[in-house]
Structures are given as C-alpha cells and as structure tokens.
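Since the structure comes first, as structure tokens, the remarks are kept for the end.
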Amino acid sequence: MQSSPIRWYMTAPQHCPYLEGREMQTVLVDPAVSLEDHHYGHLLAQGFRRSGQFVYRHQCPSCQACVPVRIPVDLFRPNRGQRRCLRRNADLTVDTVMHPDLDEHMDLLRRYLGARHAGGGMEHTTRSDYVGMLNDRNCGVLLTEFRLGPRLLAVAVTDHTPQALSAMYTFFDPDVPERSLGTLAILHQVREARRQGLPHLYLGYWIPGSEKMAYKTRFQPVEGRIGGAWKRLPPD
C-alpha cells in the first residue's frame, strides 16, 4: 500500500462489534479521494469493502477473524435449499432501477432495521445516508428491486466494477421470512455477475463460527482471503 498515491488512515482501536472482548482497527481509504471503478475493483481483490463513503478493510493487530469472501460465479451451483428459494419466489418481478422511490425504499429499510438489526447502530439511517450509500465513491451501483405485484419486498444495492460485483447492502420485508429474500438477492447477484462475464461476487466479511455470517459459506464454492491469498472455504 505504501506505493499507492491514495492516502490511507488507520482508526484508533475500538470495541469489536463482532467478537466480545476484542478490539477492532480499520484501514480507510481517504474519503476525499474520488476512486475510479477499476481502482475500487482492485481494492476488493485485496479484501476491502465499501460502506457509504467509506472504503475500508479491518486490520486488527492481534486478530485475523474477519475473512473477506467471494463467490467464483462460473463454478457456483445452487444447492437444494437455494433452488427451493428460487422456485418459491418465481412469482416476483426483479428490476434494476435508475430512479427509485426513495420514500418507499426508506419505509422498507426502517422496517427491516427495526425487525432485524435493532440496536445495531443503523436504525437512525437518514434519507441522505441512504442516498450516499447509492452514490458515494464513484463506483457504479446497481439498484435492484424485488416486487410482488406493486408491493416492494426487497432491495439489493450492488457495487459494479470492471472486475467484479460486490453485494454492498440488501434489505427486505421482515414479514415474509419464508421467502428467504436475502438468499434470493445473492442468487440474483450471482446470475447478474455471470451474465456480465464478471468472475466474482464479493460478499464482504465472514467470521468462522458466527451464526449471523454462516449463510455466506452456504454459497459453494466460496473463497476467503486468508494470509493475503484467496483460498476455497468449506461450508460452515
């Protein structure tokens, strides 16, 4: 990283939100830097991720529990449960939109956060926060809506680079858990990456043993960046 013209910042140690009793430090790309999409694509391959205006990688001196993961889309085959998910949602329409109804999205996002992530720090997400999620850092963003008739059930925010897609954030109606809409969104993103001839879909971080993150290794094959190299991971 020393040879890059981009400025880097290291956060001070803070409480780890994933593992009790541990501290977390994060490397941040200077938020003032306007990244080109191909630069961000290279950063994804080095284990970085985007959250709104921040492009970051966890880099904790005494812990390497957070593993960046990605799906090699040409090798992926849905398992039995994922095939059931596709059949269960065959009645939905899926569209990529350029000009979403932000009020409709914010209503769904607030319901999702209140039901699934209460107390997690995002429940006070504002409209401007959400717009920043869609527009920051100059990477291309695909915004996909999943609807049952006129009813919005899920939204997937996907970063697009020349090298890969990255599943940045997905939120969905908490009142229809039987539809497994989070799984459906990933299956759609895999299909979209394959359609575009892109080799990978990045899924962010995975922590071995974390129940909330276990779903990521159910999309087999999946690779994790460990010790600076991408390696095949077994199902959790």
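Every number in this text was worked out from the coordinates using simple rules, so none of it is lab data. This one's a predicted model, so the numbers in the text were calculated from it and none came from an experiment. Cβ placement follows ideal geometry from the backbone for every residue including glycine, while neighbour counts extend to all protein chains displayed.
Values computed for the structure shown
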read-out	value
Two-decimal ratio, the chain, of alpha-carbon radius of gyration to 2.2 N^0.38 Å	0.99
Charge tally in the Cβ shell below 11 Å around Cys60, where Lys, Arg are +1 and Asp, Glu are -1, Cys60 excluded	+1
Size of charge dipole - the chain - debye, nearest 20, with Cβ of Lys, Arg +1 and Asp, Glu -1, no other charges	960
For the chain, calculated [θ]222 nm from helices alone, where every DSSP H run of n ≥ 4 adds -39500 (n - 2.57)	-7500 deg cm²/dmol
Per-peptide average of other Cβ atoms within 10 Å, ordering 98-105, 186-193, 32-39 highest first	186-193, 32-39, 98-105
Spin-label pair Ile6/Gln59, simplified geometry with 7 Å Cα→Cβ offset, distance in nm	1.1
Dipole magnitude of the range 34-103 about its Cα centre (Cβ charges: Lys, Arg +1; Asp, Glu -1), debye to nearest 20	640
Distance (nanometres) between label positions extended 7 Å along Cα→Cβ at Ala32 and Gln196	3.0
Potential extension, Arg87-Ala45 segment - 0.36 nm per residue separation minus Cα distance	11.9 nm
Over the range 1-67, equivalent-ellipsoid semi-axes from the Cα gyration tensor in Å	23, 12, 11
Ala229-Val176 pseudo-label distance in nm [points 7 Å out on the Cα-to-Cβ vector]	4.5
